[in-house]
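Scroll down for the structure; my scribbles are underneath it.
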Ligand code: AMP
């Protein structure tokens, strides 16, 4: 009989590694909470249309990678391949645009894409996502980008880069698109690439294959064809970013995997990750709300991959979760001591001290091994003879030093020892 395993392209996050995962998730979201973004939860599945209309029909995400199924009521549902479209759907459904603007939201959770699995690319992964909706102000673009940078900096990451460009707006894009199509028509491209170019010619600029890139040296670039208004917007974004102490690299060929981006568009890449170097990305999306049947308002946001950011943290050798685990451990020997241990651990936990004890029949040796493995700095060991003397042994697990403490003082002594 073969055992069951996690599906291809998915993985389990187990202790102690999971403490690092949590620390990364926490650190990436803290700057958002500090900047007035409110937490939102949306379902992990949505009506398929939310993504086909929201993410865009020319993208790999929609055409090849979605987990789509009919539920028992015959509705076509899709496991979310990204989190923005669902947040914008909720923004529209709850008429958040009628309240104070911008509406600033964040969420974190699972995303699903049927991709070819490799290091850093999975079928189930976790994204931190944030959106600022309802206002088109370059200062807001700069805030969003800077908050992304802040999360990476707070983790201690240094080997990452911000790639930045402007993809123009609904007025600049059509004439530019025509120029690009004209240019692409003269190239030697395969059928599939041509088909893709018909839906979204910008996507060809982002083609990673050398034989395609070699033909693109003189391709017209959106940044050279921005209208005065869009250029002024982009200049203002860059001015604010400079004021915020954020540095970037101009990336005029940056086109992201989702179709909805306009104007400011960006990606965070890390140099220690090999082929899957993007740790996050985002941009402004003028048409997304309207495409989903909502008000014609602008928005900007980003998604950061938690799993990939954790790989970046490991690649830089950073220790982000040193304080994980319990701090105090209680080892009881005998039934009487067990009651004391359960009470003591309960008191410690109520007082906010991470504490644990052993369960099941363990001898002294096994229990001490558990204490050491727990990561606690101090333990209390209570044997039958100790109890008869009205004491427990307070032990420093790092030095092995030990002293007897009256039972009534154990809680205070342990609490003081672990917070010293
Ligand atoms: P996207 O929604 O494609 O803009 O992706 C945003 C971020 O999510 C990327 O920069 C990655 O860090 C992460 N990400 C996207 N797809 C995957 C995947 N298949 N596996 C792991 N992380 C991913």
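Points worth noting:
- Residue order for 261, 183, fewest other beta carbons within 10 angstrom first, comes to 183, 261.
- Dividing the summed -39500 (n - 2.57) terms of all DSSP H runs of n ≥ 4 by the residue count of the chain sets its mean residue ellipticity at 222 nm at -11000 deg cm²/dmol.
- Mean Cα-pair separation over length for the range 298-395, i.e. relative contact order, pairs under 8 Å, 6 or more apart, %: 31 percent
- Axis of helix 306-315 versus longest Cα principal axis of the chain: the two differ by about 70°, to the nearest ten degrees.
- The DSSP beta bridges internal to the chain are antiparallel in roughly 80% of cases.
- To the nearest ten degrees, helix 138-154 and the longest principal axis of the Cα atoms of the chain are 40 degrees apart.
- Residue with peak Gaussian network fluctuation, the chain [Cα springs, cutoff 10 Å], from 316, 372, 93: 372
- Helix 173-185 and the longest principal axis of the Cα set of the chain meet at an angle near 80°.
- Of all the options 54, 287, 400, the one that moves most in a Gaussian network model of the chain with Cα springs shorter than 10 angstrom is 400.
- Relative to one another, the C-alpha centroids of the range 49-85 and the range 244-282 are positioned 23 Å apart.
- Beta bridges per DSSP with both ends in the range 328-419, % antiparallel, nearest 5: 55 percent
- Considering only 59, 107, 98, the Gaussian network model of the chain with Cα springs below 10 Å gives its largest mean-square fluctuation to 98.
- Taking every C-alpha pair closer than 8 Å and separated by at least 6 residues, the mean separation divided by the residue count of the chain gives a relative contact order of 16 percent.
- The relative contact order of the range 127-236 comes to 36 percent, based on Cα pairs under 8 Å that sit 6 or more residues apart.
- Taking a ≥ b ≥ c as the square roots of the eigenvalues of the Cα gyration tensor, the range 328-419 is classed as rounded, since a/c falls below 1.5.
Bear in mind these aren't lab numbers, they're just calculated from the coordinates by the rules spelled out. From a predicted model like this one, the values you see are computed outputs, not experimental measurements. We place every Cβ from the backbone using ideal geometry, glycine too, and count neighbours over all the protein chains shown.
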